[in-house]
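A quick write-up on the structure given underneath.
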Amino acid sequence: MATGDQLFARFGRTCPAGTVLFEEGAHGDSMFVLQSGRVRITKASKDGTKTLAVLGPGEFLGEMAILNNKPRTATAVVVEDARLLVIDAKTFEAMVVGNVEIAVRLIKKLARRLDNADALIEILMHRDPKARVILGLSREAETSGIEQEDGSVLVPLTRIGLAEQIGLTSDETADVLARLGRLNMVDETEDGFVITDRQRLVEFLEFLEMREQFEA
C-alpha cells in the first residue's frame with residue numbers, strides 16, 4: 001500500500017488560502033482529499049452566499065460530481081493553506097472497487113452529509129435567531145469542534161461564516177452572540193467561538209424551543 005508521501009508525490013497539490021478548487025455549476029472531473037488546511041464549501045441562494053461547511057484534514061470533497069456526472073452543486077475555496085490529493089474519476093473508481101476501506105468511508109461520508117443537511121433544515125425552520133445561532137454553533141462543534149484542556153470547545157468559524165450558515169445577518173448574529181457572551185456560554189475569539197458551557201447552551205436551547213411551541 002502506498003504511503004502518504006508516495007500518494008502526495010503522485011496526486012498532491014499545495015494550495016494557498018484563497019484558491020478556488022471548484023465553482024458551483026462547473027463540470028467536475030476530479031475529487032479532493034484534504035491532508036492539511038481548511039476548505040469552505042458555499043452555495044449561492046436568493047439571500048446571498050451560504051456557507052454549508054468548513055472542512056478540515058481527513059475530509060474529502062467534490063466526489064459527487066464524478067459519481068453522478070453532474071455539475072458541481074457548491075463552490076469550494078481554500079481558507080487556510082492546504083495540502084490536497086487530487087483524484088480523477090478513473091483513479092477514484094479504481095480505488096473504490098479495489099479498496100473496501102475507501103468504499104466504506106465514502107458511504108459513511110455520504111450518510112454524514114445527509115445528516116448535516118437535515119440539521120441545516122432544522123436550523124432554518126426556527127424563527128428565533130437565538131435558537132438558530134445555538135443550533136449552528138452546536139452543529140459546528142460536533143463536526144469540527146476542537147476540545148480544549150479546560151473542557152470548553154473551540155469552533156473555528158467566523159461570525160460571517162456562522163451568519164451565512166444559519167440565514168441571519170451579521171448584526172443579528174452579533175446580537176445573539178453578545179447575549180450568549182453575557183451569559184458566559186460562548187466567547188468570540190480571533191480563532192473562532194469558544195463554547196464555555198455546552199450543557200447550559202443545550203438547556204437554554206430547550207427553553208427557547210419550548211417557548212416557541214407555546215407561542216406558535
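The values are calculated or read from the model by the stated rules, or taken from the named source; none is laboratory data. Since we're looking at a predicted model, the values are computed, not measured. Cβ atoms come from the backbone with ideal geometry, glycine included; neighbour counts cover every protein chain shown. What goes into the accessible areas is simple: the full protein's heavy atoms, side chains included, and nothing from ligands, DNA or RNA. Shrake-Rupley method; radii C 1.70, N 1.55, O 1.52, S 1.80 Å.
Could you list, in sequence order, all residues of region 145-176 that are out of contact with any strand residue (DSSP E or B) (no Cβ under 6 Å at 6 or more places or on another chain), part of a helix (DSSP H, G or I) and either open to solvent by less than 60 Å² (accessible area, probe 1.4 Å) or among the small types (Gly, Ala, Ser) (or both)?
Hits for region 145-176 are LEU162, ALA163, ILE166, SER170, THR173, ALA174, VAL176.
Tell me whether region 194-201 contains one or more residues that are part of a helix (DSSP H, G or I) and exposed (fewer than 14 other Cβ atoms within 10 Å of the Cβ).
Yes, there is a match, as at least one residue in region 194-201 is part of a helix (DSSP H, G or I) and exposed (fewer than 14 other Cβ atoms within 10 Å of the Cβ).
Would you check which residues across region 74-98 are assigned to a strand (DSSP E or B) and open to solvent by 20 Å² or more (accessible area, probe 1.4 Å) and list them?
THR75, VAL77, VAL79, GLU80, ASP81, ARG83, VAL86, ASP88
Conditions first: (1) in contact with a Pro (Cβ under 7 Å, 6 or more places away or on another chain); (2) more than 20 Å from VAL54 (Cα to Cα); (3) at pLDDT below 85. GLU172 passes all but one, so which condition is the exception?
Among (1) in contact with a Pro (Cβ under 7 Å, 6 or more places away or on another chain); (2) more than 20 Å from VAL54 (Cα to Cα); (3) at pLDDT below 85, GLU172 violates only (3).
Just to be sure I understand, how many residues within region 1-42 are of a type outside the set (A, V, I, L, M, F, W, C), in a loop (DSSP other than H, G, I, E, B) and more than 24 Å from PRO71 (Cβ to Cβ)?
2
For region 146-166, what are the residues that are among the small types (Gly, Ala, Ser) and closer than 21 Å to VAL79 by Cα?
The answer is GLY161, ALA163.
For region 53-70, does any single residue satisfy the condition of being open to solvent by 50 Å² or more (accessible area, probe 1.4 Å), touching a Leu at 6+ places or on another chain (Cβ under 8 Å) and in contact (Cβ under 8 Å) with a residue 40 or more places away in the chain?
No, region 53-70 contains no residue that is open to solvent by 50 Å² or more (accessible area, probe 1.4 Å), touching a Leu at 6+ places or on another chain (Cβ under 8 Å) and in contact (Cβ under 8 Å) with a residue 40 or more places away in the chain.
Going through region 188-214 one residue at a time, which ones are in contact with a Gly (Cβ under 8 Å, 6 or more places away or on another chain) and within 27 Å of GLY48 (Cα to Cα)?
GLU188
Quick check: is even one residue across region 120-129 open to solvent by 50 Å² or more (accessible area, probe 1.4 Å), of a type outside the set (S, T, N, Q) and modelled with pLDDT of 85 or more?
Checked against the condition, which is being open to solvent by 50 Å² or more (accessible area, probe 1.4 Å), of a type outside the set (S, T, N, Q) and modelled with pLDDT of 85 or more, region 120-129 yields no hits at all.
Under 6 Å between Cβ atoms, which residue pairs at least 6 apart in sequence (or on different chains) link something in region 37-49 that is open to solvent by less than 50 Å² (accessible area, probe 1.4 Å) and at pLDDT 85 or above with a partner that is outside any strand (DSSP E or B) and among the hydrophobic types (A, V, I, L, M, F, W, C)?
Within 6 Å, the pairs are ILE41/ALA74.
I need every pair where a residue in region 128-145 that is at positive phi has its Cβ under 9 Å from the Cβ of a residue that is in a helix (DSSP H, G or I) and not charged (D, E, K, R), sequence separation at least 6 or different chains.
none
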